[in-house]
Amino acid sequence: MRFFNFLARNISYTFAVVFVTVIFGSVASMFGLFLGSSFILFSYDKLLDILIQWLPVSVIIASSLQFIQFGFFTPVKIPALFKSHRLINRVYKSNMMVTMSDMKSMYYSFSDFILHNTVASVVYSILTGLILTGFSFYEYYFIGAINMAEFIVLVRVALLSTLIVIIIYGVSTYLITELLTIRERAVVYNELLKMGIKLGPRILIGIRIKFFFFVVLMIITLLTFAAFMEKSHYYETHKMEVIIGYFGLSVFTTFILMQINTNSIVRLLSDLRRVTTTIASGGKASVEILSLEREFAQIEFGLMEMAWEIDDYRKQLETMVEQRTTELQSALSDLRGRDNLIQKQLDMASVIQRSIIPEKIDDWNEIKFSARYIAMEKIGGDFYDIYQLKDNKIGIMVADVSGHGIPAALISTMAKITFSNAGNKYDSPRRIFQEVNQSILDHVKTQDYMTCFMAAIDDEYNVIFSNASHQKGILLRKDKGEIELLDTGGLFIGAIEEARDTYEEKSTRLNYGDRIVLYTDGITEAVNKDRVDYSNERLNRVVLESKNLPLEEFSSAIITDVQKHIGEAEIEDDMTLLVIELARDEAVDIVKNSKKLLTTHQYYESIQVLEDGLKKYVNNQKILYNLTKNYFRVNNYSKAIQYIEKYLENDKRNKFAFYLCGSCYYQMLDYKSAIDNFEKALELDSNFVNALFAQGMSCKKMGNSDLATKIFERVINIDTDNKMALFELKLLREKK
């Protein structure tokens, strides 16, 4: 950091950041060269000598241009190329002294600088590849050192190496730039908060993109090793120094990037805990680590909103205290105010925690859900969720975090994000438990842990389940009128690393009418005034006695019986109940039959099946939605609009339905109606990239180029690699 500060003070801040990232870019170039050269199957030494000869020159040329762009010649009055970068350098030189009018633009400049540097790393990586290709052509055409076949091999190596460098250098640039600019971004953001400007943190990417990069890096490493071994087999010789060098470089690169990423997340979680503790104690909250990831930024902003409301309330309290005339009245008012302040803090924390628990769970195929959640305090440690897993499976889980209050809420929030990320990669409850266990061990340095029961269900209603020391699941068999207990081995999640080897999986299958009852120990261990537990035996009995009740009444009957047992005693733990029922729905069969016809491109036959089904099940939402998609496929947009608008009369929470409706209007050239529907989809999900891009295209078609440009720029802020938005922006800017 001393060397970085030296460069930032004596040359320019933007150059100092770029210089550090370029060092990693040089390592990435060597990594790319290893991969590219691993596929050379003839004239290996000769071609590798040429690559080693010209690669440093290519890197130096591209790096020099990048240094100049980002302010290398600032000391000689030749500033950085972009205005925002010049503003960053000027403010940094003045020890972060910024005028009130420039504060917001300064914050955006520091935040967007990360994106600018990342894009520049990609551009100059491509330039390096082009320069290297040019030198290869020079060796072939002017010097004659290589023949045409060897030149083609060199070009392929340069292209492959450039692709790998773009991936590694681009992500490493993002991670390093984010790390180096943390302090400055936080300083400017806190100043904005002090001025009363309630600005949401800048969001660039989602955290899952970072983890996906390491998966790609692992795949690249394995592919390169395979290429080395194949080449060694081809030549019947083993270049151990090359293989060892490659592995040393890959391990070093991966370790450094993992350290940067892990430290970034750990520091962020520690800062979130500090902010929460400060708010809980009534202090003035400010962030020291400002995340650019969507998930963490939303949590940070939620905590800041809590702090703002508490601060407003504190000011009102101070005014009220000043109006008191006696010490006793003043003391009573102060105590009342403090109690209200604590309750308000808990209320706000409760709002944040409740946001991670789904209020209403939509049906999935023929599976219906019913949930009940009763917190002992305003902030609890229980949570449940439904996830879309890989291979069109659905994940259902109920968890119980040890302890209560804000720490438990923070852990449950982090666990929800981790479960969601793991569900995008795996469809195995056992594998998901292993991922979440490691994540909690890595990021939560307390003695807190979590129990969990999770089940994965596929289209054929096969169930794979795993239990991490949670309450056993209850499977109520409708046809037999019996219950089966669902359980596996498995230790607590987040307790010890060795727990990963204890998780097991078992399977079963649901029949129509079957129900799965999942719950937390707050139900079975609920005690009455005589300290008698409710017990598993009583729960099983109530499940059997209530088996013929409709789903919602079934859930209510269980909770009512628990409350009857508790009586006048106080609730001592959170209570969560989640019931899943496989209910016969012939409309789902109709939809499935229509989808089978789609696989053989029988579009009109598929439509006819759905039309016949709609006559039998009038206004069925599933049939209406699928009819819309089928008519859209055959370009009958007026029919598609007719059905999707009928669907939206009863479901205004489906962002995809509004997007589909807008797309139909777009195809019919009714751009105003299209924009209205895309806007409704964005009200449900402001980061819905497809709807946002379609809205931009509609504005462009209506001739509103300025608004279209702003919308496409917003798309890029959410999805930096959106090629369609980048292309449209390029066209719009060229017209100007």
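The values are calculated or read from the model by the stated rules, or taken from the named source; none is laboratory data. Bear in mind that the values here come from a model prediction, so they are computed numbers and not experimental data. Every residue, glycine as well, gets a Cβ built from its backbone with ideal geometry; the counts of neighbours run over all protein chains shown.
Answer yes or no: is there a residue in the stretch 575-582 that is without any contact (Cβ under 8 Å) to a residue 12 or more places away in the chain and not aliphatic (A, V, I, L, M). Looking for residues that are without any contact (Cβ under 8 Å) to a residue 12 or more places away in the chain and not aliphatic (A, V, I, L, M), one finds none in the stretch 575-582, hence no.
This table checks each residue for (1) within 25 Å of Val436 (Cα to Cα); (2) part of a helix (DSSP H, G or I).
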residue: Arg500; (1), (2): yes, yes
residue: Ser507; (1), (2): yes, no
residue: Gly513; (1), (2): no, no
residue: Asp530; (1), (2): no, no
residue: Val543; (1), (2): no, yes
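Conditions tested, residue by residue: (1) buried (at least 16 other Cβ atoms within 10 Å of the Cβ); (2) closer than 25 Å to Glu377 by Cβ; (3) free of Cβ contacts under 8 Å to residues at least 40 places away in the same chain.
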site	(1), (2), (3)
Glu505	yes, no, no
Leu518	yes, yes, no
Asp533	no, yes, yes
Ser555	yes, yes, no
His565	yes, yes, yes
Ala569	no, yes, no
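Please verify whether Ile474 is touching a residue at least 60 places away in the same chain (Cβ under 8 Å) and touching a Gly at 6+ places or on another chain (Cβ under 8 Å), treating the condition exactly as stated. Taking the combined requirement at face value, the residue does not satisfy it. The criterion of being surrounded by fewer than 20 Cβ atoms within 10 Å (Cβ to Cβ), assigned by TED's automatic domain parsing to the domain that holds Ser466, of a type outside the set (Asp, Glu) and under 19 Å from the mean Cα position of the chain (by Cα) does not hold for Gln447. Could you list, in sequence order, all residues of the stretch 532-547 that are touching a strand residue (DSSP E or B) at 6+ places or on another chain (Cβ under 8 Å) and hydrophobic (A, V, I, L, M, F, W, C)? Residues satisfying the conditions are Leu539, Val543, Leu544.
One residue stands out in the stretch 642-651 among those that are touching a residue at least 24 places away in the same chain (Cβ under 8 Å) and not in a helix (DSSP H, G or I): the one that is farthest from the chain's Cα centre (by Cα), namely Asn650. In the stretch 587-602, is there at least one residue being at pLDDT below 90, under 28 Å from Asp458 (Cβ atoms) and of a type in the set (Gly, Ala, Ser)? Within the stretch 587-602 (the criterion being at pLDDT below 90, under 28 Å from Asp458 (Cβ atoms) and of a type in the set (Gly, Ala, Ser)), the answer is yes, since at least one residue qualifies. Anything in the stretch 379-399 that is modelled with pLDDT under 75 and surrounded by fewer than 20 Cβ atoms within 10 Å (Cβ to Cβ)? List them, or say none. Passing the criteria: Lys390, Asp391, Asn392. Close contacts from the stretch 135-149, counting a first residue that is within 10 Å of Ile50 (Cβ to Cβ) and a second that is part of a helix (DSSP H, G or I) and hydroxyl-bearing (Ser, Thr, Tyr), with Cβ to Cβ under 6 Å and a gap of 6+ residues or different chains, come to Ile146/Tyr140.
Please tell me if Leu476 is out of contact with any His (no Cβ under 7 Å at 6 or more places or on another chain) and assigned to a helix (DSSP H, G or I). Answer is no for this residue.
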